[in-house]
Every structure is written in C-alpha cells, then in structure tokens.
C-alpha cells in the first residue's frame, strides 16, 4: 500500500514544480524557417503557379522513380539520377552464342534475358554482384531505342542528337561511348527501362561473379491468336498491330552477342522478323509434349515493378537528380509552351542550357556517395501522395454527383475539406482573413519547414522548391474552397449550387496538374487471370496510347 501513495506524492510534486516553472512563459510558437532561394515562402498564399511551372513535373519524376507505370505513361524521360545496386544481387544475361560477354546488356529478371538466348547455341548466364555497383539511371522508356526516349542519353554522351546510327540499331555506339564517358567517374553502367528494366553494363569482369550458365529450352512463338478476346481498354487490332510491326524492320543486331555483320534470321536459320519471335524451331532431343513460347513473360515480369516502390534492386540517389524540367533551362520552358505533356522532349534544349546541364551531371557523378542532406526525398514525396491520394479523388467524386440537394452536398464537401485542413486550424481569430492565410501557409510548409537546407546539393534545392510549390498549390485550392465552405451551411441552395460547380472546376484542374503516378491504375481492377499494363507507345504500340488496361495472362502480343 505504501508504493502507490509515494508515487502519487512524487507525481504531485513534479506537477507543482512544472507549473511553477511555466507561470511566466509565453505560449509555444512554431519557429519560422527562412529560405531566401525558395520563392514560395514569401508569396501570397492564394497565388497560383506560373503557367510555365514545372514543379508538378519534377514531383512526378521523383515520385515515379524506377516504376513501370509512371515511366510508361510519360515515355520521354527528363531525369538523370545516380543509383546503386547492392552486393549479392542476381542479374541475368542472354545471348545467342556460348561466349562470355564483355560489354553488353544485363537484366534484373531471367524472363527478360531468356528472350535473347536464341537458337541452338542460346545461353543464359546468371551473375551475382560482388560489390556495390554505381550506375546512372535515365527515367522514361529510355531503353526503347527510338527518338525522344533516348534524348537524355544521347545529349549526355554526345552533346547532340542524331549522332551516328539512329533508332533501334544505334545501341552499340551508345553503350561504347556511354561507357567511355562513365569510366572517368567510376560508373559501372546505365539503368534503362523498356518492357522491363535493364542495365547497359560496361565491364562484365568487374563487379560481377558468374554463378550459372545454361542452354535454355525455348519454344516457337505463335504468330497471331485471332480467336483470343481483346484486352480490356483500347485493344490492339490487326490494323494497328501492323502499324507497330512496320516500324520494326529487319536490321543488323548489335547487342546480346550479335555482331554488326550478323542478321538474326541468318544466324538462327529462320526468317528475319521481330526479335521477340526468334527461337529454336523444334524442341531439343528428349523433349516430350508441346513446347510453348514463353518469351512474352518478359513483358509480364516488367509489370511486377509497376507501382511504388518499383524495381527495388536499384537504389536511386535523389540528391543527384538532374532534371531537364529545371526551370532555369529556359530553352525547354519556351519549347514546352505549345506542346502536350507527351510531346515534351529533352532534345529541344539549347546548346547553352545543355552545356550547363552536362556540367551538372559531371559534378554529381564525381560527387562522393552519400553527399548531401540525407533527406529521404522519395519517402517525403510518398508521404505527400499518401496524404492526398484518396482524399482528392473522393472530393472529385463528391463534386461529380448530380445536384439533388446542393446544401447537403456542399456540407459533405465541407467536411472533407476539414479532414485535410484540421491539423492547420488554430483557435485564434477564427473566420478572419489571417486565419485562412495561416491555414494555407501551415498546410504548405509543415512537411518541409525544418529541412536542413544548408546541406542541400544543387539537385536537392530543386526538389525542395518543387515539393514546396506542389504543396502550395494543393493547400491553395483546399483553403480557397474552405473560405467559401466555412459558412456554406448558412447559405442558400442557389449559392451552394454555384459553389459546387466552382469547386469541381478547381479540384479537377488540381488533379490534372498533379498527375501523380499513384493514380495510374486499371479501372476496374484486373481479374486474377489478368494483369495491369500501361502501353509505352513506340516501338511496342501506337505513339499516343498510354492508358492502363487489363490484359490476359495468356496474351501473346508485345
């Protein structure tokens, strides 16, 4: 019985001491962060972004790093980021001959490499990384070997576009000259994305240990399956498939073991055609039953990395993210003004802007690993996405409903505005203009006010400004609607109807402007017999076709 009494006495004494120390103290106030190079900290809370703003585009790039869906929707990449792969990571290489590679392509999934292990001498090699690999990652569909998607690589390696070979078969020069550039910075290769992620690896004798060599069994692919049901969404038809195939003409293969002088059809003793269709015509001795072609699994394995966190074996360093969306690259700002989102291309950059950007890449490539503030930029972007990823579409849903009882509908919207803004609502001066302004400012700065700005790299300053502007715009729209909704329950139904239309326009515009990767989904969700796929446009489909769709697991068309 003694212990409870003693503990209670101690608690009362501690409380008395605390009260004595705090009698003369002022109410606790949050510190104000000052950052002279970040303009959003000094602008009015209700100021809209400039029409040339790129903060939303930089945020999209950051939030979509190493994710198939995000980079398939917007295939023309605009970011160059240093990345690493940890030791002990399995990587795969397929080739049509029994020969050890020197400088070639390597994949993360065996399904991807197996499609290049062609013919009776086809070989699939498995490697394990023996140390941390240092790489550069080009975002977008940078492995698709067509104009636009390879711009960032060509501009970095050659300082201009249209250098030497173009299209599909410029790859050998690209890897040779890219690795020559990389050698001076200790970079092992380049991460790119096509229907799955891949690496252009500069020296197979350094950083990799061979652990397995097999001659894989490959079946003969079917040509067409006209009886199969079309995919949900906009289906590929015989007409548009012929357009796709017409852009992939037979040519010399110059990678995965093919020499410049070799044609795949001649080497493998079968007609020239789409590379994915090359495989032995007959099963190997001793095989029983059918031997279906499994090459299309490469496309499906890529979708394993559709959403966040994407391809986990690659670890980007956002503190090194050099972006062609940097607003200081004024030539690209001007070029984008009359373009749609998927027309944006790094190749429109001026010589002067390109010289500065290449210098930035060289500086970040030479920078010691771990330099910078240590801020988890990808995690920060993810937290912001998670806070609003469901709330914004739900508000949009409420505002799209037919107006039956506008007062009740406006009250429902008012509640949802409060859900997001309540952490920033103070008790003082409720309803006054400064109260609303403080809500907007707190909402916009709460995530970033305490970041260690003095340790930022140049690239981190860009990310910080982009995140602040994105938050500013989200909070501007929310708070602007809250100004109207604060007393909407006392307004007429006519006034409520007008406000519902106004809010619908504002939130629709916000969601379109943000265009977050997290919203790239198949609707309705795919069945167990399907998978969600975002077409990448050229060369695997029509140029402007990037809408997610459900495809059958038995689908056999690239």
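Looking only at the stretch 443-452, decide whether some residue is crowded, with 19+ Cβ neighbours inside 10 Å, within 21 Å of residue 509 (Cβ to Cβ) and modelled with pLDDT of 95 or more. Yes; the residues of the stretch 443-452 include at least one that is crowded, with 19+ Cβ neighbours inside 10 Å, within 21 Å of residue 509 (Cβ to Cβ) and modelled with pLDDT of 95 or more. Filtered by the rule that a residue be closer than 18 Å to residue 489 by Cβ, touching a helix residue (DSSP H, G or I) at 6+ places or on another chain (Cβ under 8 Å) and without any contact (Cβ under 8 Å) to a residue 24 or more places away in the chain, the stretch 410-443 gives 412, 425. Taking residue 387, is it touching a residue at least 60 places away in the same chain (Cβ under 8 Å), surrounded by fewer than 19 Cβ atoms within 10 Å (Cβ to Cβ) and either assigned to a helix (DSSP H, G or I) or in the same structural domain as residue 455 (by TED's automatic domain parsing) (or both)? No. Filtered by the rule that a residue be surrounded by 15 or more Cβ atoms within 10 Å (Cβ to Cβ), in a helix (DSSP H, G or I) and either without any contact (Cβ under 8 Å) to a residue 24 or more places away in the chain or in contact with a helix residue (DSSP H, G or I) (Cβ under 7 Å, 6 or more places away or on another chain) (or both), the stretch 364-381 gives 364, 377, 378, 380, 381.
Has the stretch 503-510 got any residue that is buried (at least 19 other Cβ atoms within 10 Å of the Cβ) and within 25 Å of the chain's Cα centre (by Cα)?
Of the residues in the stretch 503-510, the ones buried (at least 19 other Cβ atoms within 10 Å of the Cβ) are 503, 507, 510.
Okay, now just the ones that are also within 25 Å of the chain's Cα centre (by Cα), so 507, 510.
Yes: the stretch 503-510 contains one or more residues that are buried (at least 19 other Cβ atoms within 10 Å of the Cβ) and within 25 Å of the chain's Cα centre (by Cα).
Could you tell me which residue of the stretch 335-351 is modelled with the lowest pLDDT, considering only residues that are surrounded by 13 or more Cβ atoms within 10 Å (Cβ to Cβ) and not in a loop (DSSP other than H, G, I, E, B)? Among those that are surrounded by 13 or more Cβ atoms within 10 Å (Cβ to Cβ) and not in a loop (DSSP other than H, G, I, E, B), it is 342.
Can we say residue 288 is over 17 Å from residue 192 (Cα atoms) and either part of a loop (DSSP other than H, G, I, E, B) or modelled with pLDDT under 95 (or both)?
yes
Return a yes/no flag: does the stretch 472-491 have any residue that is in a helix (DSSP H, G or I) and surrounded by fewer than 15 Cβ atoms within 10 Å (Cβ to Cβ). It would help to see each step written out before you state the result.
Looking only at the stretch 472-491, we keep the residues that are in a helix (DSSP H, G or I), and these are 472-485, 488-490.
Remaining after also requiring surrounded by fewer than 15 Cβ atoms within 10 Å (Cβ to Cβ): 489-490.
Yes, because at least one residue in the stretch 472-491 is in a helix (DSSP H, G or I) and surrounded by fewer than 15 Cβ atoms within 10 Å (Cβ to Cβ).
Looking at 354, 398, 332, just one residue is surrounded by 14 or more Cβ atoms within 10 Å (Cβ to Cβ), without any contact (Cβ under 8 Å) to a residue 40 or more places away in the chain and in the same structural domain as residue 148 (by TED's automatic domain parsing), and that residue is 332. In this structure, is residue 410 in a loop (DSSP other than H, G, I, E, B) and either modelled with pLDDT under 95 or under 17 Å from residue 487 (Cα atoms) (or both)? When the stated conditions are applied, residue 410 does not pass them. Scanning the stretch 310-321 for residues that are under 14 Å from the mean Cα position of the chain (by Cα) and either crowded, with 23+ Cβ neighbours inside 10 Å or in a loop (DSSP other than H, G, I, E, B) (or both) returns 310, 311, 312, 314, 316, 317, 318, 321.
The values are calculated or read from the model by the stated rules, or taken from the named source; none is laboratory data. Note that the coordinates shown come from a computational prediction; the quantities given were computed from them, not determined experimentally. Neighbour counts run over all protein chains shown; Cβ positions are idealised from the backbone, glycine included.
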